[in-house]
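The structure appears right after this line, and notes come after that.
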Amino acid sequence: MTPGQVRFPAEWEPQSAVLLAWPHAGTDWADRLGEIEDSYVELVAAIARFQPAIVCIADADVEAYARARLASARIDMDRVHFVEVEYDDTWLRDTGPVTLSEGALSEDGGFRLLDFRFTGWGGKFGAERDDRLVAQLHASGIFGSNVVQSIDFALEGGAIETDGSGTLLSTLHCLQERHPTLSEAELEARLGEWLGQDRFLWLRHGYLEGDDTDAHIDTLARFAAPDAIVYQACDDPADGHFAELQAMAQELAAMRTRDGAPYRLFALPWPSPVLDGERRLPASYANFLILNDAVLVPAYDDPADPAAAAVLAEAFPGREIVPVPARALVWQNGSIHCLTMQMPEGSVDL
């Protein structure tokens, strides 16, 4: 990276909090709200064991209810902070801020929170309130004196992975679906300038049936260290994902680190299909969340759950691996990483 640039921190770097939004009857969770709330209690409880959780709530009634549910689970409520904002849904990975460190640019350091356009994953869903979420959070004061930069460009946090040292990993299909008139070089120029990245690793293969994000990277492949990538594998030749995920694995094997070495690769096991009626849901173990001293791994009530936890234990030595029930969550086509956004240490005012 060029000296003096902003820096996009890796997810494994120190965090102040994790941002998420409580489901309520006005969101798409309405039809299964009780079941989803149970999953949220488990998720917030797991986060609060290690660091604060900032929970967006729609109004005072939702806050009172969420507070009671969480307190009844004996969660340390000193680690749960509520902020009232409007939102259409609860996918904070895609509607929350992308946070850059400006430490290299000023004596005191600081952060720049990027507010990209959120278009409901390319206009698939209404998203007017979600598109205003970062501005509302800024107005609430939780970002302190840090700068929020609005960027008129559709980009979701789940579409990008960084190693914290200037390398971006993404799927070309997703970015070109959002911006069909831009070439690969033009995408790299824009993302490089905004995100402080100078290396781009593009996957051209990889998808999950039921995914409505156009192949977000955080369901497929994730950095575990500057020289390590964890990815969702498929070892069942009879499964429709087999050829595509095998091709993705070959792409990952051909990628090189900044120093020219192959990446250390960690293949996650393939869960049995999760179905909602006849609809297959995009269950992926790659949708894990990294915390300060832990990694939260989606658990799908599947025999492969322990094996997935074991892979992550190898990829993240020294961190506790904590399973979080996620089978109910994939009903709306996402999992625990999709629901959350980590905030780097010092970027929020609690």
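Of note:
- Think of a 1.4 Å ball rolled over the protein heavy atoms: the chain then has 39 Å² of accessible area per residue.
- Just checking the listed ones, L100, L289, L182: in the Gaussian network model of the chain with Cα springs under 10 Å, the one fluctuating most is L182.
- Once the Cβ-Cβ distance of A185 and A68 is raised to the sixth power relative to R0 = 56 Å, the FRET efficiency obtained is 0.60.
- Relative contact order for the chain: 22 percent, from Cα pairs under 8 Å spaced at least 6 residues apart, divided by residue count.
- Mean separation of Cα contacts under 8 Å (6+ apart) over length of region 161-234, as relative contact order %: 39 percent
- Ordering L187, F223, A135 by the projection of their Cα atoms onto the charge dipole of region 116-256, which places +1 on the Cβ of Lys and Arg and -1 on the Cβ of Asp and Glu, puts A135 at the extreme positive end.
- The chain - share of DSSP beta bridges that are antiparallel (%, nearest 5): 40 percent
- Cα-Cα separations in region 74-152 greater than 19 Å, expressed as whole percent: 45 percent
- Tensor-based shape of region 202-285 (alpha-carbon gyration tensor, a/c under 1.5 rounded, otherwise prolate or oblate): prolate
- Cα-based shape type of the chain, given that a ≥ b ≥ c are square roots of the gyration tensor eigenvalues and the cut on a/c is 1.5: rounded
- Most mobile listed residue (L329, L252, L275) in the chain, GNM with C-alpha springs under 10 Å: L275
- Distance between modelled label sites at L275 and Q246, nm, 7 Å Cα→Cβ extension: 2.4 nm
- DSSP beta bridges confined to region 198-350 are antiparallel in about 50 percent of cases.
- Per-residue ellipticity at 222 nm from helix content only, as computed over the chain with -39500 (n - 2.57) for each DSSP H run of at least four residues, stands at -7500 deg cm²/dmol.
- With every protein chain in place, the chain: carbon and sulfur % of accessible area (1.4 Å): 47 percent
- Whole-number D in µm²/s for region 122-259 (Stokes-Einstein; Kirkwood sum over Cα pairs; 20 °C, 1.002 mPa s): 129 µm²/s
- Here is what passes the span test in the chain: the DSSP H helices with alpha carbon length of 15 Å or more along the helix axis and a Kyte-Doolittle mean of -0.5 or above are 33-48, 60-72, 184-195, 242-254, 305-315.
- Förster radius 25 Å - calculated FRET efficiency between D212 and D259, Cβ distance, rounded to 0.05: 0.10
- Between region 256-331 and region 165-230, the alpha-carbon center distance in angstrom: 19 Å
- Tensor-based shape of region 1-159 (alpha-carbon gyration tensor, a/c under 1.5 rounded, otherwise prolate or oblate): oblate
- Highest-MSF residue in the chain out of D235, D302, D259 [GNM, Cα springs under 10 Å]: D259
The values are calculated or read from the model by the stated rules, or taken from the named source; none is laboratory data. Quick caveat, the model's predicted, so the values are computed rather than measured. Reconstructed Cβ throughout: ideal geometry from the backbone, glycine too, with neighbour counts over all protein chains shown. Surface areas here come from the heavy atoms of the whole protein model, side chains and all, with no ligands, DNA or RNA. Shrake-Rupley method; radii C 1.70, N 1.55, O 1.52, S 1.80 Å.
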